[in-house]
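The values are calculated or read from the model by the stated rules, or taken from the named source; none is laboratory data. Values in this document were obtained by computation on a predicted structure and should not be read as measured data. Note that we place each Cβ from the backbone using ideal geometry, even for glycine, and neighbour counts take in every protein chain shown. Please note that ligands, DNA and RNA were not included when accessible areas were found on the heavy atoms of the full protein model with its side chains. Shrake-Rupley method; radii C 1.70, N 1.55, O 1.52, S 1.80 Å.
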Amino acid sequence: MAHKFVIEQNKAGEYVAKFKYNSEIIFWTEGYSSKASAKNAIESILKNGPGAPVEEG
């Protein structure tokens, strides 16, 4: 699969949800104290992201 979400720990020991496409990190979340919170962030992106508007600055 060319794209996927990955949960990893950063140097501070926090859990970060990353979205990767062809092994390249496209975006990542803030650090969370628990893996469950990082999973919740992914669920929120999947639920709310498809219909979100695009803003240009």
Can you find even one residue in segment 36-54 that is hydroxyl-bearing (Ser, Thr, Tyr) and touching a residue at least 12 places away in the same chain (Cβ under 8 Å)?
-> yes
Residue satisfying condition, being open to solvent by 100 Å² or more (accessible area, probe 1.4 Å), over 13 Å from the mean Cα position of the chain (by Cα) and modelled with pLDDT of 95 or more, within set Lys11, Lys39, Lys4 = Lys11
Please specify each residue of segment 24-56 satisfying the condition of being of a type in the set (Ser, Thr, Tyr) and assigned to a strand (DSSP E or B).
-> Tyr32
Residue, farthest from Leu46 (Cα to Cα), within segment 5-23, restricted to residues that are of a type outside the set (Gly, Ala, Ser) and in a loop (DSSP other than H, G, I, E, B) | Lys11
